[in-house]
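The structure under discussion appears below in the form of C-alpha cells.
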C-alpha cells in the first residue's frame, strides 16, 4: 500500500472495518478539506514557498537546535502546525519556542 502524501516518519493510515459511518464521513470530510488548508489570501506560489520554508525549519530543528535564520512568520507557523510525531520524537517544539522568545 502506498503511503499517503504528507505522511511523516513512515506512519500510514488504513480503513478499519469497525469504523462507524460517522467516523468514515468525518474522515472523508477531513480529506476533502485538506486542499483548502492553505491560507485563503495567499497565492498558490506563496503558499508553496511557505510550505517549503516550514519543511526546512522542521529539518533544521530536528536536533533540538535552530542553526539557520528563518523568518519569524514561518517560525510561528511551523510551531502552530508542528506534526505530532515530530513534536514527540524531536526537540523541535522547544527549539521553536526558544527561537521565538529570542526574536521578540
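The values are calculated or read from the model by the stated rules, or taken from the named source; none is laboratory data. Computed from a prediction, not measured in an experiment: that's the story for all the values here. Neighbour counts run over all protein chains shown; Cβ positions are idealised from the backbone, glycine included.
In the list 94, 76, 56, 98, which residue meets the criterion of being at pLDDT 55 or above, part of a helix (DSSP H, G or I) and over 17 Å from the mean Cα position of the chain (by Cα)?
Values: 94 fails: over 17 Å from the mean Cα position of the chain (by Cα); 76 fails: over 17 Å from the mean Cα position of the chain (by Cα); 56 fails: over 17 Å from the mean Cα position of the chain (by Cα).
Of the residues listed, the single one that is at pLDDT 55 or above, part of a helix (DSSP H, G or I) and over 17 Å from the mean Cα position of the chain (by Cα) is 98.
Return the pair list, or none, for Cβ contacts closer than 8 Å from residues in the range 60-76 that are touching a residue at least 12 places away in the same chain (Cβ under 8 Å) to residues that are exposed (fewer than 13 other Cβ atoms within 10 Å of the Cβ), at least 6 apart or on different chains.
Taking only residues 6 or more apart or on different chains, the pairs are 72/103; 75/103.
Answer yes if at least one residue in the range 8-22 is modelled with pLDDT under 95, exposed (fewer than 12 other Cβ atoms within 10 Å of the Cβ) and either part of a helix (DSSP H, G or I) or touching a strand residue (DSSP E or B) at 6+ places or on another chain (Cβ under 8 Å) (or both), and no otherwise.
yes
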